[in-house]
Amino acid sequence: MSTPTILEKIYAQRAKDVELAKSTPGTTPADIAALLASHLAPPLIPLVSRLARNPSTDGNTPSPSLMAEIKRASPSKGPIAPNANAAAQALTYALAGASVISVLTEPTWFLGSLLDLRLVRQAIDTLPDRPAVLRKEFILDEYQIAEARLHGADTILLIVAMLPVERLRALYTYSLSLGMEPLVEVNNATEMQTALDLGAKVIGVNNRNLHDFNVDMSTTSRLVDMVKDRDVILCSLSGISTPADVQLYQAQGVRAVLIGEALMRAPFPSTFIRELLNWPSPSSSSSPQDSDEHEKPLLMISGITIIEEAISFISEEGVDMLGLVFDAQNQNEDSIIDEPNDFARNLAIYRRSDPRYFAPRTFPPSSDPAPWFAAQKRNLLATAVRPLLVGIFRNHTLPEIIHTTAAVKLDLVVLDDSVPLGWIKHIPVPVIRRFRAGTDLRNAEIALPGLHSFVLLEQEKGKDLSAVVDVVGRGEAPGWPMPVILGGALTEESLKEALGTIRPWAVEISIEEGVEESMSPSEMQKLIKVVKRA
Ligand SMILES: O=P(O)(O)OC[C@@H](O)[C@@H](O)c1c[nH]c2ccccc12
C-alpha cells in the first residue's frame, strides 16, 4: 500500500473527529437537529448575490470579489499566524470590503475551531452588509454541514478530490436543503466537469494540489474556458499574493479570489487588500479619518417639558435635535406627556409646511463598509428631518415608552444606562443610551454593537474630559473611533477642547431648570455659539 497523501491523512483524522462529536452527549446528530429546529442558527445570507458585490462594483471597472481567509497554520507552511485573533481579523477583512470570510475550522493542521467560526460570525454580525461566512473544512458528513449552519456559517466547502461522486452529490443537496449554496473546489478538468454536472453555482479552482501541495497558478487559467457562458461564479484559490496575480485572473473572467496566507502575514491587511484588488479608498462620507474633519456637530437642545416651548423650538433655525422630557413622576398641565395628541397634531402641521422635510438629500447614504455605530451615525446624518424629536424618558415602563413614541412621533429615544438592555429591541425607533462620564466607564457596555444606536456621554461638573477621551479612543473597531454625543456639564472652555479632541457628532445642551447641570441662559447662548462656529 502506498503512503497516504496529506489529504488522505486529514480525511482519516476528520472521520474520527466526526464520529467522536456525534457520539458525545450534547452534540449528537439529534441534538444538532433539535437546536436547528429551535431557531438557534443565526440567519443566513445568500452566497451568490453577496459574492456579486464588492467595493468596486459600483464603478465602471469592477474587480474580483475577495474571499478572505482566517488561517493560523497549514500542513504545507506550518505556523503562519498562530496567535491570530479570528474575530478581530475577520472584522478587519469585512471593513476592508471582503465579500466572504473563510474560516478554517480544522484543529490539527490548521489550528482552527468551531469557536473561531462562531466568533467570526458574531464579530461581523452587526455590519450593514456583512460578508458571508464560509466554513473551510474537510467535509465528509452531513453532520459537519448541520454544525456549520448552527455555528453561523452561510456556506461550506466541498472538495471534489476528497469525495466519491455519490457522497459529493448527497452533501451538496443537503447543504442546499439548509439554504447554503456550497463552494465546490476543483483542481483539474475532470473535477471541474464533476462540479458542473452537480449544478454548482460557485466553483473554486484550487491552484494547490491537496495531495502533493504543489502550487501552480495556471491551474485556474487552464479551466476558465469550461465555465464560459455558464451561470457559475468562478473563483481562484491559493497562492495569490500580488496585484498582478489578481489582474491576470480578472482578465480571464475570474469573479472572486480566495486568499489566506498573504492576508494573515500582511502588517496592514486593509491597505494590502485595497492595493491587491485595486479598490478605491473609502468615500469621505464614511472614512473615519477624513469625514469628521469638516463635519459640524449637530446641536441638540434638551430639557423641554411643555408643549409651547417645544413648538417654538421646532420652528427655530439651527436646532438639529430637540430633547423632550417625559417624566412619569413630575407632570404639569401643559406637559407633553399629558397632551401627546395636541403636540403630535401641531407637529404634523408643522412638518407638512416645512420645506426642509422635502429637501433632496445632499448626498446619498453611502454603502461603504462601516461598523455599527459609524453606520448608525452616517444614516442619521443622511436624513433631512430636522429637528429630530428625541424623547427622554424618566421612570416609565416599556409599554409607556412605546406608546408615547408612537403618539408623539418621536424620531429617537434616550434611555438611561440603568434601563434593561432587553428593552432596546422593543422600542420602534433608534435608541440613544446615556452614560455618566464621571463614573467608571470601562466596564459599561458603551461600544457593544447591535442594540443602542447612539451613545450620549454626560460630563459631570468639575470632571475633566479624560473618561470621554478614553471611550472615543478605544473606538468601536480598529481604526474607527467611537462616535458620541457629548452632553452634561460643559463650559465654553471644555466644549472647545472637546470639539478638537473628542469630535462629538452632536452636542447636547440642556435648558432644563432645577437639575444639577442647569445653566444660565447667557451661558447656554455661549455654548450654542461654540457649536455653531465649529
Ligand atoms: O493561503 P493561500 O495560499 O492564500 O490559500 C488559501 C486557500 O486557498 C487554502 O487555504 C485552501 C484551499 N482549499 C483548501 C481546502 C482545505 C484547507 C485549505 C484550503
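Miscellaneous remarks
- Of all DSSP beta bridges in the chain, antiparallel share, percent nearest 5: 5 percent
- Here segment 293-533 has 52 percent of its accessible surface on carbon and sulfur atoms, given a 1.4 Å probe and all protein chains in place.
- Taken per residue, the accessible surface of segment 293-533 reaches 48 Å², heavy atoms only and a 1.4 Å probe.
- For the chain, the residue among Leu40, Val254, Pro25 whose Cα projects farthest onto the positive side of the dipole built from Cβ charges is Val254.
- Listed by chain and number, the lysines placed with their C-alpha closer than 21 angstrom to that of Lys496 are Lys296, Lys461, Lys463, Lys526, Lys529, Lys532; residues fewer than eight positions away on the same chain are left out.
- For the chain, the fraction of alpha-carbon pairs in successive 10 Å shells from zero, as %: 3, 17, 24, 20, 15, 12, 7, 2, 0, 0
- Under the convention that each Lys and Arg Cβ holds +1 and each Asp and Glu Cβ holds -1, the size of the dipole of segment 383-534 around its Cα centre is about 500 debye.
- Across Lys77, Lys496, the residue with the most accessible area heads the list, and the full order at a 1.4 Å probe is Lys496, Lys77.
- Distance between the modelled labels on Thr57 and Lys526, one decimal in nanometres: 5.4 nm (7 Å Cα→Cβ projection).
- Modelled spin labels at Ala30 and Val215, positioned 7 Å past Cα toward Cβ, are 4.7 nm from each other.
- Helix axis angle, 165-177 relative to the chain longest principal axis, alpha carbon, degrees: 10 degrees
- Taking all protein chains together and a 1.4 Å probe, the residues His396, His211 rank His211, His396 from largest to smallest accessible area.
- Counting heavy atoms of the protein chains alone, Tyr350 has an accessible area of about 50 Å² for a 1.4 Å probe.
- The HN-Hα couplings worked out from phi for segment 244-256 by the Karplus form 6.51 cos²θ - 1.76 cosθ + 1.60 (θ = phi - 60°) are 5, 4, 5, 4, 4, 5, 4, 4, 8, x, 6, 9, 8 Hz, whole numbers, x standing for Gly and Pro.
- Derived scalar couplings between HN and Hα for segment 423-431 equal 5, 4, 5, 9, 8, x, 10, x, 10 Hz in order, rounded to whole Hz, by the Karplus curve 6.51 cos²θ - 1.76 cosθ + 1.60 (θ = phi - 60°), x for Gly and Pro.
- Straight-line reach from Lys71: taking Cα to Cα under 15 Å and skipping same-chain neighbours fewer than 8 places apart, the aspartates and glutamates in range are Glu106, Asp116, Glu137, Glu261.
- Order of exposure, largest accessible area first, which applies to Glu137, Glu317 with probe 1.4 Å: Glu317, Glu137
- Carbon/sulfur fraction of accessible area - segment 6-281, other protein chains in place, 1.4 Å, %: 55 percent
- Dipole check for the chain: with +1 at the C-beta of Lys and Arg, -1 at the C-beta of Asp and Glu, and the Cα centre as origin, the magnitude is about 1540 Debye.
- Lysines whose Cα lies under 22 Å from that of Lys425, excluding same-chain neighbours fewer than 8 positions away: Lys377, Lys409
- If the convex hull is drawn through the Cα atoms of segment 127-166, its volume per residue in Å³: 76 Å³
- For segment 6-281, the solvent-accessible area works out to 41 Å² per residue, with a probe of 1.4 Å and every protein chain left in place.
- Per residue Cα convex hull volume in Å³ - calculated over segment 293-533: 130 Å³
- Alpha-carbon centroid distance for the pair segment 367-446 / segment 90-107, whole angstrom: 30 Å
- Across segment 463-477, coupling constants 3J(HN,Hα) worked out from phi with the 6.51/-1.76/1.60 Karplus curve, θ = phi - 60°, read 9, 7, 8, 4, 5, 6, 4, 4, 4, 5, x, 4, x, 9, 7 Hz, and Gly and Pro carry x.
- Crossing angle, helix 114-124 versus the chain [Cα axis fit, 0-90 degrees, rounded to tens]: 40 degrees
The values are calculated or read from the model by the stated rules, or taken from the named source; none is laboratory data. The model shown is predicted, which means the values in this text are computed figures rather than measured ones. Neighbour counts run over all protein chains shown; Cβ positions are idealised from the backbone, glycine included. SASA here: full protein model, heavy atoms, side chains in, ligands and nucleic acids out. Shrake-Rupley method; radii C 1.70, N 1.55, O 1.52, S 1.80 Å.
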